[in-house]
Amino acid sequence: MENKVMEMVSLTKRFGSFMAVNHLSVTFEEGKIYGFIGPNGAGKSTTMSLLVGLMRPTEGKAYIMGHEAGSKEAKRWIGYSPEFPDFYRDMNCEDYLLYMAQLSDMSLQEAKERTKMMLEEFDLWDHRHDLVYKFSTGMKKKVGLAQAMIHQPKILLLDEPTANLDPKSRYDILDTLRRLVSQHHMTVLISSHVLSELETVIYHVVIINHGTLVLDRPKEEAMKMFHQGVLKVHTSDDQKLCQLLQDHPLVTSLSFNQEVHLQSEQMDALKDLLVSLCYQYHLRLHVFEEEKITLEGLYKQLMEEKDHEGNH
């Protein structure tokens with residue numbers, strides 16, 4: 001894979017007898033946003049800590065731009081914003097970002113320029129002289145993101161980047177990520193529980209559960225795999241329509257609650273039948289659409305399947 005920027009090869013982390021990360025093997029490509037999904041305790045934060053080099057793996061390896069995770073060379077390429085960033089109590093916002101920039105081997109002048117840019121990018125300029133530890137949770141989140149991006153990394157790891165933010169700030173951060181990926185071909189790995197929000201920004205889905213890989217596919221491909229195949233219909237006489245379709249061989253499932261919901265293994269043929277019936281019985285069509293599975297629906301379906309397997 002020519003544009004591979006990060007790779008996990010059988011990455012494993014145990015804490016005593018507890019397997020937090022279980023032989024994960026995933027490859028990440030340049031210029032794409034990845035959604036990293038799983039229930040609490042699935043191993044997401046531990047995996048990110050391994051990629052950043054905050055922990056060492058029990059087995060396996062991770063590579064950042066070809067360098068082993070945790071090495072000085074790897075750290076140059078990566079930016080990380082944890083779910084709960086911690087800050088020095090005696091540093092204001094500007095000094096903190098300036099300090100973090102200089103830790104990345106920037107000259108003082110370059111560090112000052114990047115700090116000013118990040119303060120403006122995240123709407124923190126008016127708070128630059130305020131102590132960071134006194135900021136609200138949402139404001140701290142912005143500062144954490146700013147420090148993760150200050151050295152212009154090739155790869156961003158973001159653990160719950162929009163948690164505790166107001167709707168406008170959430171939108172602004174996601175918009176910033178889209179722009180960074182587009183302009184600088186960055187690779188972003190986002191762990192988030194807000195799947196409806198994540199769905200709007202990611203290209204690829206990585207799902208783990210109990211430290212084990214469950215799904216690793218492009219989002220659109222995953223959606224097609226778990227396509228619901230449900231047709232939602234609302235006409236001028238839904239009861240009449242239900243009577244006409246009740247025992248039809250094309251219909252595998254029929255339910256009626258304000259709208260008619262139909263399932264079929266031959267969706268195109270069912271659509272043709274519906275149009276024909278509406279014309280034949282003078283039914284006006286108000287709603288006629290195929291329901292698409294959401295990222296949340298896909299996630300729930302996968303987790304239910306895993307739970308079902310685990311119970312047998």
Open item on the list: At 7 Å along Cα-to-Cβ for each site, give me the label-to-label distance between Arg14 and Arg56 in nm.
Closed with: 1.6
- [ ] Go ahead and collect, in residue order, the members of the stretch 114-142 whose backbone nitrogen is under 19 Å from a label point 7 Å along the Cα-Cβ direction of Asp90.
- [x] 129-135
Task: Environment charge at Arg114 (Cβ cut-off 13 Å; Lys +1, Arg +1, Asp -1, Glu -1) - done: -4
Open item on the list: Out of all DSSP beta bridges in the chain, what portion is antiparallel? Express it as a percent rounded to 5.
Closed with: 70
TODO: Give me the distance in nm between label points sitting 7 Å out from Cα along the Cα-to-Cβ direction at Lys232 and His184, one decimal.
DONE: 3.9
TODO: Using a Förster distance of 30 angstrom, determine the FRET efficiency expected from the C-beta separation of Glu120 and Val194, and round it to 0.05.
DONE: 0.70
- [ ] Give me the Debye-computed log₁₀ of I(q)/I(0) at q = 0.12, 0.21 Å⁻¹ for the stretch 126-204, equal point scatterers on Cα only, no solvent, two decimals.
- [x] -0.34, -1.02
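Considering every pair of different Cα atoms, what Kirkwood radius, in Å, is found for the stretch 1-45?
Answer for the stretch 1-45: a Kirkwood hydrodynamic radius of 12.1 Å.
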Open item on the list: How compact is the chain by the rule of thumb for globular proteins, expressed as Cα Rg over 2.2 N^0.38 Å?
Closed with: 1.25
Task: Gyration tensor verdict on the stretch 1-153 (Cα atoms; rounded if a/c is under 1.5, prolate if a/b is larger than b/c, oblate otherwise) - done: prolate
Open item on the list: Using Cα springs under 10 Å in a Gaussian network model of the chain, which residue among Tyr34, Tyr279, Tyr80 shows the largest mean-square fluctuation?
Closed with: Tyr279
Open item on the list: Quick check: the angle from helix 93-103's long axis to the longest principal axis of the chain, C-alpha only, nearest 10 degrees?
Closed with: 80
TODO: Please give the calculated 222 nm ellipticity per residue for the chain, where each DSSP H segment of at least 4 residues contributes -39500 (n - 2.57) and the sum is spread over every residue; nearest 500 deg cm²/dmol?
DONE: -11500 deg cm²/dmol
Open item on the list: As a quick test, which of the pairs Lys44/Lys134; Lys61/Lys224; Lys44/Lys112; Lys61/Lys300; Lys240/Lys271 have an alpha carbon distance above 24 angstrom in this structure?
Closed with: Lys44/Lys134; Lys61/Lys224; Lys44/Lys112; Lys61/Lys300
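Tell me which chymotrypsin sites (Phe, Trp or Tyr not before Pro) from the stretch 87-180 have a DSSP coil assignment and no more than 14 other beta carbons within 10 Å of their own.
Values: sites: Phe87, Tyr88, Tyr96, Tyr99, Phe122, Trp125, Tyr133, Phe135, Tyr171; in loops: Phe87, Tyr88, Phe122, Phe135.
Within the stretch 87-180, the qualifying chymotrypsin sites (Phe, Trp or Tyr not before Pro) (loop, at most 14 other Cβ atoms within 10 Å) are Tyr88.
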TODO: Would you list the P(r) distribution for the stretch 190-291, with all Cα-Cα distances sorted into 5 Å bins from 0 and each bin expressed as a whole %?
DONE: 2, 11, 19, 18, 11, 9, 11, 10, 6, 3, 1, 0
- [ ] Figure the gain on full extension for Phe288 and Leu254 (residue separation times 0.36 nm, minus the Cα-Cα span) and round it to one decimal in nm.
- [x] 10.8 nm
TODO: Please compute the net charge surrounding Lys271, taking Lys and Arg as +1 and Asp and Glu as -1 over other residues with Cβ under 11 Å from its Cβ.
DONE: -4
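Coordinate-derived values only; no laboratory data. In this text the structure is predicted, and so the values were computed from the model without any measurement. Note: ideal-geometry Cβ built from the backbone for every residue, glycine included; neighbour counts use all protein chains shown.
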